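Here's the structure, in structure tokens; my notes come after.
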Amino acid sequence: MWKKIKLFLTRMLRLMPSSTNGQLTFKTKLFAKHIKANGEVVDKGLISERVVTTVGVNALVDAFQNLFVLNNFRYHGSGTGTTAEAVGDTALVTEVATRATGSQIEGASANIYRTVGTISYTAALAITEHGIFSAATAGTLWDRSVFSAINVANGDSIQFTYDLTCNAGG
């Protein structure tokens, strides 16, 4: 019984805002709009809230040491892989199409980093993964998301909006 109560309380503390439990937190959200070749726009809304990678966090630490340029995290990649996200990811499972160079702005508040990028497709594909990278090819993977398939056709594109919310704590 006490074990279940302890587990419940631990989970609840993780859900509390960082200002109440003293933890600095990152929260990510990925939104998508499927833009069909005929101009129709299908808003898919929030498609994932997933994984900032270990190599991404290591790059953040390197940026504080002036060893990495943090504002390079603006390249949007997509793929057809369906393997679950993990902090150890360093690439997409099956990357397709050319990465988009995303814009870089503040989101709804000063603690939200937002990048928006649109990826175009030249073949019929079931897009199921997205990543934020530090370069147009190769580079460091900051975040990887897996989501329900967005089926694209030749001439379609997907506009990805990635929000990184950084909550203060301590």
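The values are calculated or read from the model by the stated rules, or taken from the named source; none is laboratory data. Note that the structure is predicted; figures quoted are calculated from it, not measured. Using ideal geometry, Cβ is built from the backbone for each residue, glycine included, and neighbour counts are taken over all protein chains shown. All accessible areas refer to the heavy atoms of the entire protein, side chains included, with ligands and DNA or RNA removed. Shrake-Rupley method; radii C 1.70, N 1.55, O 1.52, S 1.80 Å.
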Answer yes or no: is there a residue in the range 78-98 that is touching a residue at least 12 places away in the same chain (Cβ under 8 Å), of a type in the set (S, T, N, Q), part of a strand (DSSP E or B) and surrounded by fewer than 19 Cβ atoms within 10 Å (Cβ to Cβ).
yes
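Go through the range 116-131 and count every residue that is without any contact (Cβ under 8 Å) to a residue 60 or more places away in the chain and within 16 Å of residue 87 (Cα to Cα).
Counting residues in the range 116-131 that are without any contact (Cβ under 8 Å) to a residue 60 or more places away in the chain and within 16 Å of residue 87 (Cα to Cα) gives 2.
Counting only residues that are hydrophobic (A, V, I, L, M, F, W, C) and open to solvent by less than 40 Å² (accessible area, probe 1.4 Å), how many does the range 27-41 have?
Residues that pass the stated criteria total 2.
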Are there any pairs, at least 6 apart or on different chains, whose C-beta atoms fall under 7 Å, with the first in the range 138-156 and under 12 Å from residue 55 (Cβ atoms) and the second crowded, with 22+ Cβ neighbours inside 10 Å and β-branched (Val, Ile, Thr), and if so, which?
141/53; 142/53; 142/132; 143/53; 143/132; 144/53
Residue 146 fails exactly one of (1) open to solvent by 30 Å² or more (accessible area, probe 1.4 Å); (2) of a type outside the set (Lys, Arg); (3) outside any strand (DSSP E or B), namely (3)
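Look through 55, 42, 51 and report the one residue that is β-branched (Val, Ile, Thr) and either in contact with a helix residue (DSSP H, G or I) (Cβ under 7 Å, 6 or more places away or on another chain) or free of Cβ contacts under 8 Å to residues at least 12 places away in the same chain (or both). Walk me through it before giving the result.
Values: 55 fails: either in contact with a helix residue (DSSP H, G or I) (Cβ under 7 Å, 6 or more places away or on another chain) or free of Cβ contacts under 8 Å to residues at least 12 places away in the same chain (or both); 51 fails: either in contact with a helix residue (DSSP H, G or I) (Cβ under 7 Å, 6 or more places away or on another chain) or free of Cβ contacts under 8 Å to residues at least 12 places away in the same chain (or both).
Result of the check over 55, 42, 51: 42.
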Within the range 22-41, identify whether any single residue is more than 16 Å from residue 167 (Cα to Cα), at pLDDT 95 or above and β-branched (Val, Ile, Thr), and answer yes or no.
yes
Do the conditions hold for residue 155, that is, is it part of a loop (DSSP other than H, G, I, E, B) and open to solvent by less than 20 Å² (accessible area, probe 1.4 Å)?
no
Quick check on my filter: what residues within the range 78-131 are out of contact with any Phe, Trp or Tyr (no Cβ under 9 Å at 6 or more places or on another chain), of a type outside the set (A, V, I, L, M) and within 28 Å of residue 168 (Cα to Cα)?
85, 88, 89, 90, 103, 109, 111
